[in-house]
Amino acid sequence: MKLTRLAALCLVTRLFAGNSLVDAGFDHFYNLEYDQALANFDQAIAKDPNDPDLHNHAAETVVFSEMYRNGALESELVTGNNSLLRRAKLNPTPATQKRFLDEIQKAFDLEQASLRRNSKDAGALYAMGITYGLRANYYFLVQKDWVSALHDSTSARKLHNRVSELEPQNVDARLVQGLHDYVIGSLPAMYKMFGFLIGFHGDKERGIRTVEQVAAHGSLNRVDAQVFLAAIYRREHQTAKALPLVESLIARFPRNYLLRFEQAGMYAALGDGKKAIASVQQVAQLKTQGAAGYARVPWESIYYQLGTIQFWYNDLDAALANMQKVAAHADEVDLNTGVLAWMRVGQIYDLEQHHSLAIEAYKKAMAYAPEAEAARESRRYISSPYHREKS
C-alpha cells in the first residue's frame, strides 16, 4: 500500500483481540481484501449495532477500498516527490459516499450518547477521536478541503490527549498524537495560522519518537504505527530504517502485493537496483504460480513497477518497452498509473533525443487524465523537453 500517503491524517484502527469477526476483517483489510473485510465488519455490526468502533471499522474499509480502486495506495518509486499537499482527489460514487457518511454519523451518535452518560468514558473518547480522524481523511481525499481536514484531525488529537490523561499507560492512544505532531510540524507556515491549531505547533521529531513508541510497545495500534512509521521514514529519507518494517509486514500479510512493490521502491531508493527488480519479479512469480492474492495483480502493474525502476536506473530501452506495455493496455490499470506510464514514455523519448515522439506521448497523457498532476507536468514538457537533474 502506498506507505507515503499521509493524507490519512489521523486514520488508525482499533483491533479487538478475541473478536473473531473483527480479527478476520482486519486480516482481510491488511491483505487488500476490502470486500471480505467489509462483510466481516457488517456481520459484527449486525451482532452488536451499538458499538461505535465497529462502525468506524466499516467506514475505514469503505475509504481504503475506494483508495485502492483509484490507485491511491500505489507508490511512485524513487522520485522524491512526496508532498503532503499534492494528492489526487477521489471521486467515489454517491452510494459509496453515503455508506461512509452513514457509518460516521452512527459512530458519532453512539459516542455522544456514551459521553452524555459518562464524560470520562475513555473508550468513547478514543472511538470519537477515530471517527474525527476518518472524517478528516474524507474531507481531504474526497473534498480536498484541507481546512476541514486539519480541523477534524485536531479534534481527534484533543480527544486522544484526554484519553492519555485518563489512561496514562494507554500507549495506543498516543498514535494520533504522534501523527498529528508530525503532520502539523511538516506543514507550511500558512496552514499553522488557523485558530483551531493554536497550542498545536507540531514537532516532527517528537511525532516520530511517539510513533516509534507505539510501533514498539503498542497493542491495538502496533500494525498501524509500523505502517505510518515506514511512511515517515521514507518521507524523511531514512529508507534503511523503513525497509525492515515493510519486510515484517510482508511476512505478516503475505497476500498484500503492494507491500512487495513498496519493498522494491525502498531497495531502489537505497541504490540496489538488482534487489528492487528482484522484488517486482517475485510478484510476477507469485502471480504465475497462482499464489493467494496475486491473481488480481494486473500484469500492467508489474510492467509499470519494473519500468519505473529501469527508468530511474537509466535502463531506458527496457523501461520504454515496459511502459509501452502499460500504455497499450491503460484500461487495465488505474488512472494514476496510466497517465504516469504515458508521461514516462515521453520522458524516455526526450532522454533519447526524440522530442517529436515525446510530444505525442505527452499529449496522450494529457488526454488520458487531464486533471492529473502528471498530465499537467506533461504539458510543460511539450515546450521544454524533459531532462534529468544532475546529481
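Taking the stretch 273-286 as the search range and keeping residues that are under 14 Å from Asn256 (Cβ atoms) and more than 22 Å from the chain's Cα centre (by Cα), which one is most open to solvent (accessible area, probe 1.4 Å)?
Ranking the candidates gives Gln282 first.
Just a yes or no: is a residue in the stretch 171-182 buried (at least 16 other Cβ atoms within 10 Å of the Cβ) and closer than 24 Å to Gly71 by Cβ?
Looking through the stretch 171-182, at least one residue is buried (at least 16 other Cβ atoms within 10 Å of the Cβ) and closer than 24 Å to Gly71 by Cβ.
So how many residues does the stretch 287-305 have that are of a type in the set (A, V, I, L, M, F, W, C) and within 20 Å of the chain's Cα centre (by Cα)?
Total meeting the criteria: 2.
Go through Asp350, Asp331 for me and flag whichever is in a helix (DSSP H, G or I) and over 24 Å from Leu73 (Cβ atoms).
On inspection, the qualifying residue turns out to be Asp350.
Between a residue in the stretch 366-389 that is closer than 17 Å to Gln353 by Cα and any residue that is surrounded by 12 or more Cβ atoms within 10 Å (Cβ to Cβ) and not hydrophobic (A, V, I, L, M, F, W, C), which pairs come within a Cβ distance under 6 Å, given they are 6 or more apart or on different chains?
The qualifying pairs are Ser378/Tyr362; Tyr381/Tyr362; Ile382/Tyr362; Pro385/Asp350; Pro385/His355; Tyr386/Gln347; Tyr386/Asp350.
Can you give me the number of residues within the stretch 206-222 that are closer than 24 Å to Asp53 by Cβ, open to solvent by less than 10 Å² (accessible area, probe 1.4 Å) and in a helix (DSSP H, G or I)?
Result for the stretch 206-222: 2.
Is it the case that some residue within the stretch 327-337 is open to solvent by less than 70 Å² (accessible area, probe 1.4 Å), at pLDDT 95 or above, of a type in the set (A, V, I, L, M, F, W, C) and under 25 Å from Asn91 (Cβ atoms)?
Scanning the stretch 327-337, I find at least one residue that is open to solvent by less than 70 Å² (accessible area, probe 1.4 Å), at pLDDT 95 or above, of a type in the set (A, V, I, L, M, F, W, C) and under 25 Å from Asn91 (Cβ atoms), so the answer is yes.
Would you mind telling me which numbered condition in (1) touching a helix residue (DSSP H, G or I) at 6+ places or on another chain (Cβ under 7 Å); (2) of a type outside the set (Asp, Glu); (3) farther than 25 Å from Asn91 by Cα Tyr304 fails?
(3)
The values are calculated or read from the model by the stated rules, or taken from the named source; none is laboratory data. Bear in mind the structure is a predicted one, so any value in this text is a computation, not a measurement. Glycine gets a Cβ as well: all are built from the backbone with ideal geometry, and neighbour counts include every protein chain shown. For accessibility, only protein heavy atoms count, side chains too; no ligands or nucleic acids. Shrake-Rupley method; radii C 1.70, N 1.55, O 1.52, S 1.80 Å.
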